1. Quick one: V144 ticks every box in (1) within 25 Å of A38 (Cβ to Cβ); (2) β-branched (V, I, T); (3) open to solvent by 70 Å² or more (accessible area, probe 1.4 Å) except a single one, so which number is it?
2. Mind checking which pairs have a first residue in region 119-132 that is without any contact (Cβ under 8 Å) to a residue 60 or more places away in the chain and a second that is open to solvent by 10 Å² or more (accessible area, probe 1.4 Å) and hydrophobic (A, V, I, L, M, F, W, C), Cβ under 6 Å, 6 or more apart or different chains?
3. Tell me, which residue of region 48-107 that is in a helix (DSSP H, G or I) and over 26 Å from Q139 (Cα atoms) is most open to solvent (accessible area, probe 1.4 Å)?
4. For the subset of region 108-120 comprising residues that are closer than 25 Å to E34 by Cβ and out of contact with any His (no Cβ under 9 Å at 6 or more places or on another chain), which member is surrounded by the most Cβ atoms within 10 Å (Cβ to Cβ)?
5. Residues Q89, Q115, Q143: which one is within 12 Å of the chain's Cα centre (by Cα) and more than 18 Å from A49 (Cα to Cα)?
6. If E34 passes every condition in (1) of a type in the set (D, E); (2) open to solvent by 80 Å² or more (accessible area, probe 1.4 Å); (3) in contact with a Lys or Arg (Cβ under 9 Å, 6 or more places away or on another chain) but one, which one does it miss?
7. Just a yes or no: is a residue in region 121-140 of a type in the set (D, E, K, R) and surrounded by 15 or more Cβ atoms within 10 Å (Cβ to Cβ)?
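The values are calculated or read from the model by the stated rules, or taken from the named source; none is laboratory data. Because the structure is predicted, anything quoted here is derived from the model rather than measured. Cβ atoms come from the backbone with ideal geometry, glycine included; neighbour counts cover every protein chain shown. For the accessible areas, the whole protein counts, side chains as well, though only heavy atoms, and no ligand, DNA or RNA atoms are used. Shrake-Rupley method; radii C 1.70, N 1.55, O 1.52, S 1.80 Å.
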Amino acid sequence: MSIKPIILLCALLLTACSDKSQDKQERNARQYDEKTLALGDRTYNTHCATCHGHKGEGQPGWQQPGPDGKLMPPPLDDKGRSWRLSSSQIKEFIRQGSPHGRGNMPAWQGKLSDQEIDAVATWITSLWSDATFLQWHTQVEKQVH
């Protein structure tokens, strides 16, 4: 047996081990702390569900401006675009509200604790399908951190 096939075999084995390690990390990324999710659910349903819906479904026509010229509350589940934002960007939206008056979302900074804001952001990610979460985790979240 020549050295080339041995090198190729070693490279394939290392790649397989690396892929398994990455798969395990991605599966572990989806694990949530139940207390955080419960706090996020309570906080969201108390302060956010009136506009975004109890399951994060958003308002009909959310892609078009409403009668006041501002965007309607978007869905926070897979149908919306929140998965294109990093967790820190989601938290910033919650803290600061709609940017540049484009929507009617109020700023929650000073009204919600940092722990509540973090929990709501985590709860939002729990609404996404596994495929959307994995895409977000690998293409958006990992790029930021």
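1. (1)
2. Partner pairs satisfying both residue conditions: W128/W83; T132/W83.
3. Restricting to residues being in a helix (DSSP H, G or I) and over 26 Å from Q139 (Cα atoms), the top hit is H100.
4. A119
5. Among Q89, Q115, Q143, only Q89 is within 12 Å of the chain's Cα centre (by Cα) and more than 18 Å from A49 (Cα to Cα).
6. Condition not satisfied by E34: (3).
7. Taking region 121-140 as the starting set, the residues that turn out to be of a type in the set (D, E, K, R) are 130.
Filter again for surrounded by 15 or more Cβ atoms within 10 Å (Cβ to Cβ), leaving none.
No, the conditions are met nowhere in region 121-140.
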